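Working notes for the structure below.
The values are calculated or read from the model by the stated rules, or taken from the named source; none is laboratory data. Quick caveat, the model's predicted, so the values are computed rather than measured. Positions of Cβ are generated from backbone atoms using ideal geometry, with glycine treated the same way; all protein chains shown enter the neighbour counts.
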Amino acid sequence: MKRMTDEIRDQISANLADARVSRRQGEWGRCWELLEDAHVLSQPWAIPHTQVHAAMLVAGWKARDVVEVRGQVLRLLVGGPASAIGKYPVGNTGRARVSPVQPMPVRAALAEILERAGKRVE
């Protein structure tokens with residue numbers, strides 16, 4: 001497994017930090033966009049992938065979104081191990097209202113970052 005690049009690590013960290021700020025300010029749309037982008041970037045690596053789902057669980061809890069909380073608990077149990085063996089749906093946003101096995105198109109900006117790291121984007 002290729003190591004995570006500093007670029008991806010820094011982007012995920014920035015997204016998680018900005019998502020926390022957005023969540024605290026009640027900017028839920030922005031919060032989820034940042035978490036979804038962090039999810040797409042983190043999928044190839046078990047630990048960061050799990051950290052993003054934990055952040056999604058907290059956001060779901062704070063939003064009092066029962067569907068999101070339930071979905072994130074499941075994803076916390078399965079997401080990390082799936083990443084560890086390279087079985088993850090590329091581009092999936094990680095939200096509970098999206099099938100956890102559904103590949104999705106990767107936004108161009110995220111695709112470029114993943115491609116520079118030698119990761120698949122399709």
Original post:
Does Pro48 satisfy being over 9 Å from the mean Cα position of the chain (by Cα) and either modelled with pLDDT under 95 or closer than 17 Å to Ile85 by Cα (or both)?
Top reply: no
Subject >> Sole exception among (1) surrounded by 16 or more Cβ atoms within 10 Å (Cβ to Cβ); (2) at pLDDT 95 or above; (3) farther than 15 Å from Arg120 by Cβ for Pro100, by number >> reply: (2)
**OP:** Report those helices (runs of 4 or more DSSP H) wholly inside segment 1-95 carrying at least 1 residues which are without any contact (Cβ under 8 Å) to a residue 12 or more places away in the chain, of a type in the set (Asp, Glu) and surrounded by fewer than 18 Cβ atoms within 10 Å (Cβ to Cβ).
**Re:** 6-24, 28-42
**OP:** Name every residue in segment 96-122 that is free of Cβ contacts under 8 Å to residues at least 12 places away in the same chain and within 22 Å of Arg3 (Cβ to Cβ), in order of residue number.
**Re:** Ala109, Ala111, Glu112, Glu115
Original post:
Of Val121, Val106, which residue is part of a loop (DSSP other than H, G, I, E, B), among the β-branched types (Val, Ile, Thr) and either touching a strand residue (DSSP E or B) at 6+ places or on another chain (Cβ under 7 Å) or modelled with pLDDT of 95 or more (or both)?
Top reply: Val106
Original post:
Out of curiosity, is Val21 at pLDDT 95 or above and within 19 Å of Arg97 (Cβ to Cβ)?
Top reply: no
Original post:
Given the conditions (1) out of contact with any Ser or Thr (no Cβ under 8 Å at 6 or more places or on another chain); (2) assigned to a helix (DSSP H, G or I); (3) under 13 Å from His39 (Cα atoms); (4) not hydrophobic (A, V, I, L, M, F, W, C), and given that Pro100 satisfies all but one, which numbered condition is not satisfied?
Top reply: (2)
